[in-house]
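Read-outs: derived from the displayed coordinates by stated rules, not from any lab. This is a predicted model, so every value here is computed, not measured. Glycine also receives a Cβ, built like all others from the backbone with ideal geometry; neighbour counts cover every protein chain displayed.
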Ligand SMILES: Cc1cc2nc3c(=O)[nH]c(=O)nc-3n(C[C@H](O)[C@H](O)[C@H](O)COP(=O)(O)OP(=O)(O)OC[C@H]3O[C@@H](n4cnc5c(N)ncnc54)[C@H](O)[C@@H]3O)c2cc1C
């Protein structure tokens with residue numbers, strides 16, 4: 001899936017470079033994907049078993065010399081010959097043991113440009129969109145009834161302006177909001193929060209060396225101790241065109257449980273842009289983990305946050321949701337999978353994994369629906385005093 005997505009990202013870049021049919025606001029110099037590599041680092045001398053297994057699996061699949069180990073001189077030479085930076089944290093490495101794997105196939109997707117591009121492509125194909133806080137907001141599903149008066153089939157959606165939009169097939173793809181809109185997802189999908197800090201570089205004219213060091217041409221996407229629980233789970237990206245460097249924390253994925261109309265608690269997204277209740281801080285734990293990393297690894301910045309299936313019991317309805325904090329990278333190919341499900345062509349193995357499932361006896365990997373008594377509920381964790389972004 002990843003390689004399919006990368007091919008699709010590259011072809012979107014190629015399409016933009018032709019300059020034919022550019023979306024408003026984008027030029028042929030814009031890119032929606034930078035192939036800057038993705039570096040996964042651990043603070044140890046030896047690679048963790050997960051990394052070793054990943055390298056082995058990639059080589060078995062024929063992707064030889066795409067996973068480069070930072071301590072292997074041959075690999076360092078390969079990365080140099082490809083013009084990719086395998087040691088962006090070289091200075092920090094002199095003070096502590098760090099080892100990592102640079103995945104040459106990885107990179108960073110430019111989300112705002114990619115969304116604009118995807119929207120433009122969809123509109124060119126005749127897709128109609130309704131962007132409006134009321135007329136574009138889903139309120140409820142609309143059903144046809146059986147002769148005895150029970151619900152028969154989903155026949156469309158009603159928006160907040162009370163208008164009915166009919167559809168032979170309804171696809172609910174409302175991201176973290178989906179479980180609160182479709183309670184039958186209880187226990188299967190839950191909105192959890194990642195914490196994101198944005199560090200703004202000083203203007204390029206005053207700090208050209210920082211703009212250069214952190215540019216996508218010179219700096220990879222990185223992950224740090226992703227499998228080490230609350231004290232790890234950090235990731236980040238090169239700077240964007242506006243000089244912002246994004247650092248994310250998902251060592252703990254927080255929840256925001258709120259009582260719903262049926263009396264049950266469900267976690268719902270809250271951001272600084274939410275209607276009603278807003279959140280402008282991130283949890284202290286997230287802030288201090290990010291600050292600790294910046295102090296140790298990027299001190300120059302210190303001075304300056306899936307399920308895709310028909311819904312059983314709801315004829316005419318499918319969901320496409322559950323990106324689990326890292327699904328944006330599949331943007332250019334997800335529609336293809338949606339079409340496969342729509343056309344009942346579920347031959348690709350991954351679609352079997354995304355099928356509706358019932359909760360069994362086994363202990364789930366992610367504990368869901370702990371509600372407001374859970375230790376990860378935002379109402380139970382101290383928040384940082386800094387203004388920062390918290391996105392669910
Ligand atoms: C903090 C954070 C960091 C992340 N970092 C990364 C990353 O580095 N890399 C990566 O690949 N992925 C990342 N992700 C994951 C990625 O953002 C998601 O997997 C992806 O956006 C999911 O896409 P989606 O279309 O399912 O949902 P979304 O992108 O959330 O889109 C859902 C849309 O539905 C709309 N909506 C909601 N309710 C209604 C309603 N009632 N009526 C009408 N519209 C509605 C919303 O406004 C929204 O536009 C991150 C996620 C978070 C929260």
Next item on the list: Taking the Cβ of each residue in 163, 94 as the centre, tally the other Cβ atoms inside 10 Å and list the residues starting with the fewest.
Entry: 94, 163
Checklist line | Relative compactness, the chain, computed as alpha-carbon Rg over 2.2 N^0.38 Å | finding: 1.06
Notebook entry, point to check: When only alpha-carbon atoms count, how far does region 169-392 stretch along each of its three principal axes, as whole angstroms with the largest first?
Noted result: 60, 39, 34
Check: Got a sec? How would 271, 358 order by Cβ neighbour count within 10 Å, fewest to most?
Finding: 358, 271
Note to self: If a paramagnetic tag sat 7 Å from the Cα of residue 81 along the Cα-Cβ line, which residues of region 18-40 would have the backbone N under 20 Å from that point?
What the structure shows: 36-38
Margin query: Just to be sure I understand: of the beta bridges DSSP finds with both ends in the chain, what percent are antiparallel, rounded to 5?
Written below: 85
Notebook entry, point to check: Which of rounded, prolate, oblate describes region 54-128, given a ≥ b ≥ c as roots of the alpha-carbon gyration tensor eigenvalues and a/c under 1.5 marking rounded, otherwise prolate only if a/b is larger than b/c?
Noted result: prolate
Checklist line | Cα shape, region 1-125, gyration tensor, a/c 1.5 rule | finding: prolate
Check: Once you treat every alpha carbon in region 51-177 as an equal point and sum by Debye, what is log10 I(q)/I(0) at q = 0.17 Å⁻¹?
Finding: -0.95
Next item on the list: Report Rg(Cα)/(2.2 N^0.38 Å) for region 211-259, keeping two decimals.
Entry: 1.46
Next item on the list: Would you please report the Å³ per residue occupied by the convex hull of the alpha carbon atoms in region 237-280?
Entry: 106
Next item on the list: Report relative contact order for region 196-260 in percent, whole number only (criteria: Cα-Cα under 8 Å, sequence separation at least 6).
Entry: 34
Check: Using helices alone, what [θ] at 222 nm do you get for the chain, with -39,500 (n - 2.57) per DSSP H run of 4 or more residues, divided over all residues and rounded to the nearest 500?
Finding: -7000 deg cm²/dmol
Check: How far is the Cα center of region 99-127 from the Cα center of region 1-65, in Å?
Finding: 10
Next item on the list: Take the alpha carbon gyration tensor of region 153-293, find the square roots of its eigenvalues, order them as a ≥ b ≥ c, and report rounded if a/c is under 1.5; if not, report prolate when a/b exceeds b/c, else oblate.
Entry: prolate
Check: What ranking do 166, 266 get, fewest neighbouring Cβ atoms within 10 angstrom at the top?
Finding: 166, 266
